[in-house]
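*Asks:* This is the structure, below, for whatever I ask next.
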Amino acid sequence: ARMRIKGFTPAARKLFHLRGTDHARPLSEIANRLAYKNLWVDLRSVLQDGIPVEREVQLADSGDTFIMRILPYNTIDRLTEGVVLTFVDITAQKKVEAELRELAAIIEFANDAFIGVSSEGMIRSWNPAARRLFGYDPQEVIGKAISMLAGPEQREEQIESLRQARESGMVGPMETVRQRKDGTSINVEMTVMPIQDGQGRPVAIATAIRDISERRQAERQRELLLHELSHRVKNALATVQSMAVHSLRNAPDLESFRKVFLARLLALSKTH
């Protein structure tokens, strides 16, 4: 109750500059590494009211994070005789939480559809891009089989890709066709990958799906243009060949052929 140290564990030295001879010293004489200024306010509050206090605190130099709990130390008569300070290191947990928030933000704002699927093929998560691509709201698909997105011709392929992901690892990227809510088909590029636990066992499956309709349309347009270009080039060559034969047939000499043939080439050029 007089704020004197009664005991501490070796791990407490990470937060307070303690030595083995510091028993019975006032805690106020011991420097600490906490980036927290209200420690004494909290200590007095618990001594006075007997109500535990819990705070998330950090070390000033390293940024390591701890859950600090200040608990009343009561006698058998339920009188508060002191307090017990405990610190739980949650630095690794906070790092993982930050990484998860970052990943969640990436998935939330991604242009590709990301769909979390259970090992049995049931949809567990559905990002906004998936809603835009397929037209389903999350509540319409969560808990349902991902095969609902495949047409009758692609359902066996969907089942096989999930099996390969569970057994062999990542599958794809592969081009396939999927079906929207309105029944229309869409060309997509799909990658399927397993989500593993700490022992490397697959516990779920992540599916990334990209809309490639515009790309496929551009490819078809390019093929059409190439066919058209090939056709026109062949026509032009046939025309030149015909001009050469006709000019040669009616030319009395080589110089006359040259003049007539070049004149006809220039006329053809102006026409093009």
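The values are calculated or read from the model by the stated rules, or taken from the named source; none is laboratory data. The shown structure was predicted, so the numbers you read here are calculated from the model rather than taken from an experiment. Cβ: placed from backbone, ideal geometry, glycine included. Neighbour counts: every protein chain shown. Ligands, DNA and RNA are excluded from the accessible area calculation, which covers all protein heavy atoms including side chains. Shrake-Rupley method; radii C 1.70, N 1.55, O 1.52, S 1.80 Å.
*Asks:* Within the group Gln179, Gln164, Gln199, Gln158, which residue is more than 17 Å from Ala130 (Cβ to Cβ), surrounded by 13 or more Cβ atoms within 10 Å (Cβ to Cβ) and not basic (Lys, Arg)?
*Replies:* Sole residue among the options that is more than 17 Å from Ala130 (Cβ to Cβ), surrounded by 13 or more Cβ atoms within 10 Å (Cβ to Cβ) and not basic (Lys, Arg): Gln164.
*Asks:* Working only within the stretch 1-24, note down all residues that are among the hydrophobic types (A, V, I, L, M, F, W, C) and either open to solvent by 80 Å² or more (accessible area, probe 1.4 Å) or not in a loop (DSSP other than H, G, I, E, B) (or both).
*Replies:* Ala1, Ala11, Ala12, Phe16
*Asks:* Looking only at the stretch 81-96, decide whether some residue is open to solvent by 90 Å² or more (accessible area, probe 1.4 Å), within 36 Å of the chain's Cα centre (by Cα) and closer than 30 Å to Ser125 by Cα.
*Replies:* yes
*Asks:* If you don't mind, there's one more thing I want to ask. Please go through the stretch 95-146 and pick out each residue that is under 25 Å from Gln164 (Cβ atoms) and free of Cβ contacts under 8 Å to residues at least 12 places away in the same chain.
*Replies:* Of everything in the stretch 95-146, those that are under 25 Å from Gln164 (Cβ atoms) and free of Cβ contacts under 8 Å to residues at least 12 places away in the same chain turn out to be Leu103, Glu120.
*Asks:* Same structure, new question: Could you check the stretch 123-135 and list, in sequence order, the residues that are over 17 Å from Glu189 (Cβ atoms), open to solvent by less than 70 Å² (accessible area, probe 1.4 Å) and touching a strand residue (DSSP E or B) at 6+ places or on another chain (Cβ under 7 Å)?
*Replies:* Matches in the stretch 123-135: Ile123, Ser125, Trp126.
*Asks:* Does Val188 fit the bill of being modelled with pLDDT of 85 or more, open to solvent by less than 80 Å² (accessible area, probe 1.4 Å), part of a strand (DSSP E or B) and among the hydrophobic types (A, V, I, L, M, F, W, C)?
*Replies:* yes
*Asks:* Give the residue that is farthest from Ala12 (Cα to Cα), with candidates limited to residues of the stretch 66-94 that are outside any strand (DSSP E or B) and either touching a residue at least 60 places away in the same chain (Cβ under 8 Å) or in contact with a strand residue (DSSP E or B) (Cβ under 6 Å, 6 or more places away or on another chain) (or both).
*Replies:* Thr75
*Asks:* Has the stretch 245-252 got at least one residue that is surrounded by 14 or more Cβ atoms within 10 Å (Cβ to Cβ) and assigned to a helix (DSSP H, G or I)?
*Replies:* yes
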